[in-house]
Amino acid sequence: MTNLFIGLFLSTLITALLTTRLYRLFLWYGLNSIFLGLAALEQYKLLDDKALLISALLTLLLKGLLLPYLFKLFALKFHTERNIPPKIRLQYAILLIPAILVFTFYLINPILHLPGKNYISLSIASLFLSLVLIIEHKAIFAKVIGFLMMENALFLLGMTATEGMPMLIELGIFFDLLMAVVVINLLFEVEHA
Amino acid sequence: MFTFDPFALLFLFFLLLGVLPNLFYAYGYLDHIQRKWHFWIHYVAFVLSMGGVVVSYTPLSFLFFWEIMSLSSWQLILTDPKEESTQKAARFYFFMTHFGFVFLLLFFLLVSNGSLTLSFDKLHAIAQNFAYPSLLFFLLILGFLSKAGVVPLHVWLPYAHPAAPSAVSALMSGVMLKIALYGFMRMLLEVLYPWPLEWGILILVLGALSSLIGVLYALAEHDIKALLANHSIENIGIILLGIGMGMIFLALKLPMLATFAFLAALYHIFNHMSFKSLLFLSAGSVLHQTHTKNIERYGGLIKSMPLTAWSFLLAALSISALPPTNGFLSEWMIFQSLLGSSSIANMALKISLPFAVFALALTGGLAIACFVKAFGITFLGLHRSANAKHATEVNAFMRTGMLLMGAVVVGLMLFAPWFLRRFDAALASFGLPSISQKILFSWSIHSLTHNGGVVSPLFLLAMLIFFSAGLVLLAKRLRIRKRIFHTWACGYRTTPRTQYSATGFAGPIRRFFEWLYRPDVHFHKKTLAGHTTKFSTALYDVHIRPLFERSLYDGTKKLLNRLSYFIYRFAHFEQNRYAAIIFNLTLSVLFGYRIVAHQFSWATFALEAIILAFTIKILVIGEKR
Amino acid sequence: MIYTLIHIAVMVILAPLFLSLIKAIKMWLLFKKPLPLLQGYNDLAKLLRKEVIISQEASQITRIAPYLVLAPLLTALLFMPPVTKGEWYIGFVDAFTLTGLLALSTFFLMLIGLDSASAFGGIGSSREAFISALVEPGMILVIFALSLIAKNLGIAEAAIHLNTHFPTHHLASYTFAAIAFFILILAENGRIPIDNPETHLELTMVHEAMVLDLSGWYLALVEAASAIKYMIFATLFVSFFSPFGIGAPFLIALAIYLAKIAFLSLIIALIEVNTAKLRLFKVPNLLGIAIIFAFLSLISYYMLGA
């Protein structure tokens, strides 16, 4: 089942790359986090690591539900432009996205000899894809979403590479995240004023 | 000196199939040609030299016939040398074919240790001992594939092939390109085996690129013969996909799958010969009657030239890979061999091969669009010019030529298993395992892989005929009344100018690939009294120069120009600077001698380089004025 | 054998019903009075009674192409997966052949559009050529992925294999293949985000524009072809992506099969009501998603084993 969730995680990330609407982007981010949380839950069942359970539940609740909702509130509050056309042409994107997935594997393959190297390569690929998301948008919200997706990818990497990340780090990241959201809010206030 | 092994015999048979219908056609085409003797001499020399290339078994005879083939086809392009563009095309062709020849000569000199009269079977040992086999492979690619028109060495092809008389275009596009591939395959399988995996991947990538770029430029083309020539690039790409898969499978020690891929490539070589020749022949008939190559000036020709139109349609169905035609069968086989990639153990390779599948599928889709355009604009609707209005069916010889070529197309479809057995036997002579027992069962072709499929052309054909006949009978039974009358064209009068043009037809696709085409759009409009939407005349004109020509060739040309300008400036200096150049040359020779003969150390090398740079700067270049 | 014939006959006969069903659901959702479900048959019957008017600019192609639009689709019907397990079926024909047959049908449809020298036919053909060229790679990649998941490229065999070995280990790539295939259904059948089957505005029409100059019997052939094409895609979708109920006895299995298709039609109707038609040059974005999902399906099959 973890495989399915990781697959869905990737697919939401890729759909987010192709979206042209802001609220849709929040939705995909939420789904992305939910699938990540579900994958972490599965992993928890497998490893029986309490820390992972907490991370997973936090991911589900905070990133899956709360953050997209907050973002929507912000977007409504600041009357943000809702049309966010990506700068990378579709013609390139069709080939670029699979190529990133394949090439990451090609690069990772000789380095690692772990059993879960496919997962690691996929999570590094999703890191790259979220970077692409940051690159291809001018809108600040899309950049923020790209940053958050990157964080998700890092969580996936930590989960699959270390078989359960130390909880402290994950909690630290969560705290950073919330701080980031607060800072973004402030930034917007400043920009808006 | 000569060989008649199964592979050579197969290609002799290939030549026979390609040339015989063409001969009739060329005879019928003769009244269009002024220098008849010139034409015939070079035509015969061309055909015979292709046969010579196929049967030669020593580098010397191979190169000799190869050169005769190039020269005679060059002269054939110049059959009607009045137009400036023809001369330019011939010059380009002459340059490109000798560009390839140089590399071919180098290749043969290297693999035969300089003795060009060795027979091919002795070359393998020499090639094995050669220190840099990849160099040999690159020479081979440059030599043969520049002749076959593979991206990025394809730019001459859309100029050279249309400039020749149509019968010759058919020979060049249909047959000569495949002779180049014959040479490539023979050298590969007989001299250079075994090869590393990367060679196969390189060929696969070249194939995928060629197929896509060929079909994209074909779509944007208005000159019907240049359109077909661009499709040759596409199909060579498809063939290379097959050859590349075969090379990959052989490098990975999967010989059965390799044979399947090579079979697919060989079958596509034959099929492409048949339908491309037929397309060029029928396009030639249109050209013969309308005296223009511009597709926008045709239209409605199916009414005045039915046989030409139907043979064009047959070939168009086949080249678009629609079932149950032969083109479909070979493309099906190439797809199957790409699908065979799932049994590769190398994961990185396995997950990159879907890109090749993607390229081939997109090519297929675009080819359909392109041939709907070519057939629809040329033969359907109303005539778009007076030339098209007065066209009549061509003479009996040309019709015979087209009919015979059509028979070859149909024969390749109906007797596919027979042909595949012959190909199998020919490949077996290179030590590849025979798989005809495994894939051919009672007129159907099976795939080798566990997730593969089966195709049966006869069954499909029978079913299509059965259903169509059933529907026709039903129509008869229902006593459908028919009337020929105006149909409602949304209130407009239907005139030739209200029809869709070829430019318009390809419009959406051109717009989608605009980043690749970068078209020059000219739009002139005479507006009426300042209205933007009301106008009396409008002209929309699109020109597309191929990207490769612009970047690669023009770039090289610019670089050469600049270099020659510098040399020119050096050669026209005053005397003291002349002396300075001599001073520097002597100095560099001495330094060079010291480095080469004496002893090499990086420190002295750097020191000498610095001294040389200084003297050049001070004495030769001098102060900026 | 008899079951097969019944199955094929059911597919042919009920094909117009499902198109009417979609239309009726849409009208009902828009608070209009829904049209009777037999409307498709009434239309066809009316067309059969009518005289055929052939455009005076048209050539032989108009007289021949409608047959060749329908015949490949009828041929494709023979290769559909069986409704029930005991049914005799043609198992050996693979999915490439099927896409080839569909492309053959589209090829002649596009020729009809160009034959009558009217600008509208040209618009339709040109757009259809554009869309179908971009559908092709997605289709082939989906087939590739499915042939790996179902361990077989043969249509019928693949469907049966999916029924007996539901791919619980490859759910991710299975889901992506389903998403991609669903988008391709919308594109190939000219449903709303791609093409509006009910409009006759030159700005929006694709399929309708090509057949504008046909009438009577020929139009009936082409309309039947589009109904059967929908039936083919729906059958493929339900037998690949919800491969249940094949084990039941024939009549129950047939009922399940028809219910599944009706459910699919309901989903399509819901999508049609809730989305606007895309601009022509936005259509590639949707098809691009299909292509990327097909890639993703392959990649996740290989790399995640999922």
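Just so you know, all these numbers are worked out from the coordinates, no wet-lab data involved. Keep in mind the model is a prediction, meaning the values are calculated, not measured. All Cβ positions, glycine included, derive from the backbone under ideal geometry; neighbour counts span all protein chains shown.
Each other residue within a Cβ distance under 13 Å of B:Ala538 adds +1 if Lys or Arg and -1 if Asp or Glu, for a net charge of +3. Output the direction-averaged projected area (hull surface divided by four) of the convex hull of the alpha-carbon atoms of the range B:389-468, in nm². One quarter of the hull surface, i.e. the mean projection, equals 9.5 nm². Which aspartates and glutamates does B:Lys122 reach when only Cα atoms under 13 Å apart count, and residues fewer than 8 places away in its own chain are ignored? Qualifying aspartates and glutamates at Cα under 13 Å: B:Glu190.
In this rough spin-label picture, where each label sits 7 Å from Cα along the Cβ direction, the B:Leu16-A:Leu57 distance is 8.3 nm. Residues B:Arg297, B:Arg562, B:Arg186, A:Arg82, arranged from fewest to most other Cβ atoms within 10 angstrom of their Cβ, appear as B:Arg562, A:Arg82, B:Arg297, B:Arg186. Considering all C-alpha pairs of the protein assembly as shown, those separated by over 44 Å amount to 43%. Panel values: the range B:299-345, Kirkwood radius from alpha carbon pairs, Stokes-Einstein at 10 °C and 1.306 mPa s, translational diffusion coefficient 127 µm²/s. Considering helices alone, the calculated mean residue ellipticity of the protein assembly as shown at 222 nm is -23000 deg cm²/dmol, with DSSP H runs of length four and up weighted by -39500 (n - 2.57) and normalised per residue. Here the range B:372-436 and the range C:1-58 have alpha carbon centers that stand 39 Å from each other.
Dimensions of the range B:275-432 along the principal axes, based on C-alpha atoms and rounded to the nearest Å, stand at 62, 32, 22, largest first. Anisotropy class assigned to the range C:57-173 is oblate, per the alpha carbon gyration tensor with a/c at or over the 1.5 cut-off and a/b no larger than b/c. Distance distribution note for the range C:7-47: the fraction of Cα pairs above 12 angstrom is 59%. Evaluated with a Cβ-only charge set (Lys, Arg +1; Asp, Glu -1), the range C:2-303 carries a dipole of roughly 660 debye about its Cα centre, given to the nearest 20. In plain terms, the chain from B:His531 to B:Ala396 could stretch by 43.1 nm, reckoned as 0.36 nm per residue minus the Cα-Cα distance.
Rounded to the nearest 20 debye, the dipole size of chain A about its Cα centre is 600 debye, using +1 on the Cβ of Lys and Arg and -1 on the Cβ of Asp and Glu. Relative contact order of chain B, taken over Cα pairs closer than 8 Å and 6 or more residues apart, is 13 percent. Excluding same-chain neighbours fewer than eight residues apart, the lysines reachable from A:Lys117 by a Cα-Cα span under 27 Å are A:Lys45, A:Lys50, A:Lys63, B:Lys253, B:Lys350, C:Lys151.
Putting +1 on Lys and Arg Cβ atoms and -1 on Asp and Glu Cβ atoms, find which of B:Phe415, A:Ser123, B:Ser434 reaches farthest to the positive end of the dipole of the protein assembly as shown. Positive-most Cα among the choices belongs to B:Phe415. With 31 Å as the limit, the listed pairs B:Lys147/B:Lys373; A:Lys138/C:Lys282; B:Lys178/B:Lys438; B:Lys373/B:Lys558 have B:Lys373/B:Lys558 beyond it between alpha carbons. Derived value for the range C:2-303: Kirkwood hydrodynamic radius 19.7 Å. Basis is the mean of 1/r over every pair of different alpha-carbon atoms. With kT/(6 pi eta Rh) evaluated at 4 °C and eta = 1.567 mPa s, and Rh the Kirkwood radius from Cα pairs, the range B:89-184 diffuses with a coefficient of 91 µm²/s according to Stokes-Einstein. Check the straight Cα-Cα distances from B:Lys476 and name the lysines below 22 Å, setting aside those fewer than 8 residues away within the same chain. The reachable lysines, counting only those whose Cα sits under 22 Å from B:Lys476, are C:Lys46, C:Lys50.
Computed across the range B:197-486, the Kirkwood hydrodynamic radius from all distinct Cα-Cα pairs reaches 20.2 Å.
The residue list A:Phe35, B:Leu366, B:Leu145 was ranked by how far each Cα lies along the charge dipole of the protein assembly as shown toward its positive end, using unit charges on Cβ atoms, and B:Leu366 comes out on top.
Its alpha carbons give the range A:2-192 an Rg and a Dmax of 16.4, 51 Å. Of the residues C:Ala177, B:Leu301, B:Ala167, the one whose Cα sits farthest toward the positive end of the charge dipole of the protein assembly as shown, with +1 on the Cβ of Lys and Arg and -1 on the Cβ of Asp and Glu, is B:Leu301.
Phi angles of the range A:25-36 translate, via the Karplus equation with coefficients 6.51, -1.76, 1.60 and θ = phi - 60°, into HN-Hα couplings of 4, 4, 4, 5, 5, x, 4, 4, 5, 5, 5, 4 Hz per residue; Gly and Pro are given as x.
Placing a label point 7 Å from the Cα of A:Ile135 along the Cα-to-Cβ line, the residues of the range A:8-38 whose backbone N sits under 20 Å from it are A:10-20.
Multiplying each eigenvalue of the alpha-carbon gyration tensor of the range B:496-547 by 5 and taking the square root yields semi-axes of 25, 14, 9 Å, largest first, rounded to whole angstroms.
Is the C-alpha gyration tensor of the range C:209-275 telling us rounded, prolate or oblate? Criteria: a/c under 1.5 is rounded; beyond that, a/b larger than b/c is prolate, otherwise oblate. Oblate. Between the Cα long axis of helix B:120-129 and the first principal axis of chain B there is an angle of about 50°, rounded to the nearest 10. Taking a ≥ b ≥ c as the square roots of the eigenvalues of the Cα gyration tensor, the range B:3-99 is classed as oblate, since a/c reaches at least 1.5 and a/b does not exceed b/c. Here the scattering of chain B is modelled by Debye summation over its C-alpha atoms, one equal scatterer each and no solvent; at q = 0.09 Å⁻¹ the log10 of I(q)/I(0) is -0.80.
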